[in-house]
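One structure is given here, and the rest of the page talks about it.
The values are calculated or read from the model by the stated rules, or taken from the named source; none is laboratory data. Predicted, not measured: the structure shown is a model, and the values here were computed from it. All Cβ positions, even for glycine, are placed from backbone atoms using ideal geometry, and neighbour counts span all protein chains on display. For the accessible areas, the whole protein counts, side chains as well, though only heavy atoms, and no ligand, DNA or RNA atoms are used. Shrake-Rupley method; radii C 1.70, N 1.55, O 1.52, S 1.80 Å.
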Amino acid sequence: MKLLSKKHTFRFAEGNLLIIVIVLMVILSFATKNFFTANNLRNLVRQTSVNGIIALGMTFVIISGGIDLSVGSVVGVSSIVISKLLVSEMGILPALLIALVVSTALGMLNGWIIHYGKVPPFIATLGMMQAARGIVMLLSNARMIAGLPKAFTGFAQKVIIGFPSLFFVWLLVILVTYILTTKTIFGRNIFAYGSNIEAARLSGINTAKVTLSVYAMSGLLSGIAGILMTSRLGNGIPTGGQGYEMDAIASAVVGGASLSGGSGTILGTVLGALLISLIQNGGNLLGINAFILQIIVGVLIVASVWIDQKRKNVKS
C-alpha cells in the first residue's frame with residue numbers, strides 16, 4: 001500500500017507541475033508578444049532539449065541518492081573532443097562515438113571513485129568538475145574551435161514537421177530513460193539502492209554495478225547534450241556547459257526527485273526542465289535581470305527540497 005501511495009503522490013505532483021507550466025505559458029503569451037512566435041518557441045525547445053537531456057541523466061544519479069556536479073564540465077569535454085576531431089577531418093560518426101565514449105568514461109570514473117574509493121558523491125564529482133574543465137582548457141588552448149562541417153552544424157537547425165531536430169533526440173532519450181526506470185530490473189534496483197543501500201546489498205543487488213551505471217548514464221547523456229550544444233552553436237566553446245549542473249539539479253528536484261534518494265520520475269524531470277527554461281526564456285523576453293532569474297531558480301530548488309522534507313515528515 002505504501003508503494004501505491006508513493007506512485008499516486010508523484011502523479012499528483014506531476015499534475016500540479018504541468019498546471020504551473022501551462023499557466024506560466026499563458027501568462028507569458030499575454031505579457032510579451034514575442035513568446036508565441038515560431039522562432040522563440042523553436043529556440044526554447046532547442047535549449048530545453050539540451051538541458052533536459054542532462055537533467056534526465058542527473059535524475060538517475062539523484063534517485064540513487066547521489067549528486068553529479070561534473071555534468072556541465074563533461075558537456076564541455078564532449079563539445080571540445082568532437083570539435084577537435086571534426087576539424088581534423090575525421091568522419092562525423094566516429095567522432096560522435098569517441099566523444100560519447102570519453103564522456104561515459106568520465107562518468108564511470110566518478111562512480112568508481114564513489115564506490116571503491118568511498119569518496120562522497122559531492123566531493124568526487126566536484127573534483128571531476130574542476131578536472132574535466134581543466135581538460136577542456138588544455139585540449140582547446142582556451143580558444144574557440146571553429147570550422148566545423150556544415151553537415152554537423154546544420155543538424156541542430158533542421159526543423160521536422162514543425163519541431164527542431166533536437167526535440168526528437170530529447171524525445172528518444174525520454175522514452176529510453178522512462179522504460180529503464182519503470183520497466184526494468186535495473187530501474188527497480190536504482191530505487192532500492194537510493195532508498196536503502198545496505199538493504200539493497202543484503203537483498204542481492206550489485207551495488208557496485210548500480211553506482212557505476214548511474215554515473216555512466218549521467219556521463220553519456222551529458223556527452224550527448226554536449227554534441228547537440230556544439231551543433232546548435234556551430235563551434236566548440238571552452239566555456240560551454242558552465243552552470244548546466246545547476247539547471248539539471250533544479251529540473252530533477254523541482255520535478256519531484258528527492259536529494260535523499262529513492263524517489264523521482266522521468267516525467268517530473270521533463271516538466272521541471274520545461275519550467276526552468278520557461279522562467280529563463282520568459283525572463284529574458286521581459287527584460288528581467290539575469291541575476292534575478294538565478295535567484296528565482298535557487299529559491300525553486302530550496303522550496304522543492306523543503307516541500308519534499310515536509311512530505312517525508314508527514315509520512316513518518
Q) Going through segment 206-220 one residue at a time, which ones are within 30 Å of F155 (Cα to Cα) and surrounded by 23 or more Cβ atoms within 10 Å (Cβ to Cβ)? A) V214, Y215, M217, S218, G219, L220
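If the requirement is being in contact with a helix residue (DSSP H, G or I) (Cβ under 8 Å, 6 or more places away or on another chain), modelled with pLDDT under 95 and in a helix (DSSP H, G or I), which of these qualifies: A192, A124, A105, A200? Explain how you work it out, then say what you get.
On the way: A192 fails: modelled with pLDDT under 95; A124 fails: modelled with pLDDT under 95; A105 fails: modelled with pLDDT under 95.
Residue meeting the stated conditions: A200.
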Q) Which of the residues spanning segment 89-146 are more than 22 Å from M217 (Cβ to Cβ) and open to solvent by less than 80 Å² (accessible area, probe 1.4 Å)? A) M90, G91, I92, P94, G134, M137, L139, S140, A142, I145, A146
Q. Any idea which of (1) open to solvent by less than 20 Å² (accessible area, probe 1.4 Å); (2) farther than 15 Å from S49 by Cα is the one G223 doesn't satisfy?
A. (2)
(Q) Of all residues being of a type outside the set (G, A, S) and not in a helix (DSSP H, G or I) in segment 61-102, which is modelled with the lowest pLDDT? Just the residue, please. (A) E89
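Please determine whether any residue of segment 253-264 is part of a helix (DSSP H, G or I) and farther than 16 Å from M129 by Cα.
First, the residues of segment 253-264 that are part of a helix (DSSP H, G or I): 253-254.
From what is left, the residues that are farther than 16 Å from M129 by Cα are 253-254.
Looking for residues that are part of a helix (DSSP H, G or I) and farther than 16 Å from M129 by Cα, one finds at least one in segment 253-264, hence yes.
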Q.
Condition first: open to solvent by less than 10 Å² (accessible area, probe 1.4 Å), on the phi > 0 side of the Ramachandran plot, modelled with pLDDT under 95 and of a type outside the set (V, I, T). Can you find one or more residues in segment 237-244 that meet it?
A. yes
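Looking only at segment 153-185, how many residues end up being assigned to a helix (DSSP H, G or I) and surrounded by fewer than 16 Cβ atoms within 10 Å (Cβ to Cβ)? Lay out the reasoning, then the answer.
Quick first cut of segment 153-185, residues assigned to a helix (DSSP H, G or I) only: 153, 155-157, 165-183, 185.
So of that shortlist, the ones also surrounded by fewer than 16 Cβ atoms within 10 Å (Cβ to Cβ) come out as 157, 168, 171-172, 175-176, 179, 182-183, 185.
Selection size over segment 153-185: 10.
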(Q) Give all pairs with beta carbons closer than 8 Å in which a residue from segment 168-192 that is of a type in the set (G, A, S) meets a residue that is exposed (fewer than 15 other Cβ atoms within 10 Å of the Cβ); count only pairs at least 6 apart in sequence or on separate chains. (A) A192/A199; A192/S203
